[in-house]
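Take a look at the structure set out below.
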Amino acid sequence: MTDSQPLSETPAGPVQDDLFGPVTVLLDSEEGRVEVLGDAIPPVTVDRAPEAPADAHVPVGTRNGDHLTMTVDGEPVALAPRKGRLSRRSYAVDVTRDGVVHRLVPDSVSGSRLLKDGRHLGDFSSDGDGRVLATWREGAEVSPADASVGYALAAAFGTGGQPMWMMAIEAASEALPW
């Protein structure tokens, strides 16, 4: 890697998904783009509008759904990230495709669960660097599109979240004069 090539544009190499084989996730935080590719899954893209201000705390650069577009297998889907405030649930991201709702929601400090119409399909972890790991629940019926959506959301928005009590303590300590 050279100094002129940002890390965010360099894939870490495909991860080996237990159900779908090699999956490649490309994250370009500067441009606000995520691409998910694999031989056994449909391609997915998440794009930030060029005029949207970039937030360094979000891998794709924004949680404002008005400034984001997403496609699955070339078809646009409805993407609705929540604003992300105090509770873990406030960091949920919903995708609606053909009447099916996928939700990625933090459930631990480092991980998030992928739900499909309320059913838990699997768990994802990503530190916001484009590297995404997925663990599918035993017995879950996971389609190739489910996997693509999960990888894309985890890469675009990161996973995990602090518990509310920890965030409250941090906010209180920042307010104290030192």
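Details
- Using a simple spin-label model with pseudo-atoms 7 Å out from Cα toward Cβ, N64 and T96 lie 2.2 nm apart.
- Carbon plus sulfur fraction of accessible area for region 13-98, probe 1.4 Å, in percent: 49 percent
- Two-site label geometry, E31 and D117: point separation in nm, points 7 Å out along Cα→Cβ: 3.6 nm
The values are calculated or read from the model by the stated rules, or taken from the named source; none is laboratory data. None of these values were measured; they are calculated from a predicted model. Virtual Cβ from ideal backbone geometry, glycine too; neighbours counted across all protein chains shown. These area figures cover heavy atoms from the full protein model, side chains too; ligands, DNA and RNA do not enter into them. Shrake-Rupley method; radii C 1.70, N 1.55, O 1.52, S 1.80 Å.
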